[in-house]
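The structure under discussion appears below in the form of structure tokens.
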Amino acid sequence: LSAEQIANVKKELDARPSPDWDSGWIPLLDDDNDNYVCLDTRQPGIPVRECWRGKGQHAVVAESLTAWVERFVAAVEKGAYVEDPERGEFYPKGREA
């Protein structure tokens, strides 16, 4: 998401009360299906959460944005992701669009 998209999505999510959303979260990435990778600003270290629509629990997947990026880059370098050249997106191997 661009900075403008982050601001707009956050404003929209904060405006509609839902047990699946916490106003302390900041969405960074989306999958065009209302699922997000978010920063949890209410927790020490500002961990990264995967927020999947319809799930009551949203797992912490990294203790910080730095840790999340490092793991993602390492996985890409190991070949765990493939790129869709037409859309410029990465997918975990075996879950390509």
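General observations
- Matching strands (runs of 3 or more DSSP E) fully within the stretch 22-97 where at least 3 residues are more than 18 Å from VAL9 (Cβ to Cβ) and either modelled with pLDDT under 90 or touching a helix residue (DSSP H, G or I) at 6+ places or on another chain (Cβ under 6 Å) (or both): 81-84, 89-92
- Residues satisfying the stated conditions in the stretch 17-63, i.e. loosely packed, with under 14 Cβ neighbours inside 10 Å, closer than 22 Å to ALA3 by Cβ and hydroxyl-bearing (Ser, Thr, Tyr): SER23, THR41
- Pairs are defined by a Cβ separation below 9 Å, a sequence spacing of at least 6 or placement on different chains, a first member in the stretch 12-23 that is farther than 12 Å from GLY54 by Cβ, and a second member that is modelled with pLDDT under 90 and of a type in the set (Phe, Trp, Tyr); the pairs so defined are LEU13/TRP21; ASP14/TRP21.
The values are calculated or read from the model by the stated rules, or taken from the named source; none is laboratory data. Treat the numbers as computed from the prediction; the structure is a model and nothing was measured. Methodologically, a virtual Cβ is constructed for each residue, glycine included, from the backbone with ideal geometry; neighbour enumeration extends over all protein chains shown.
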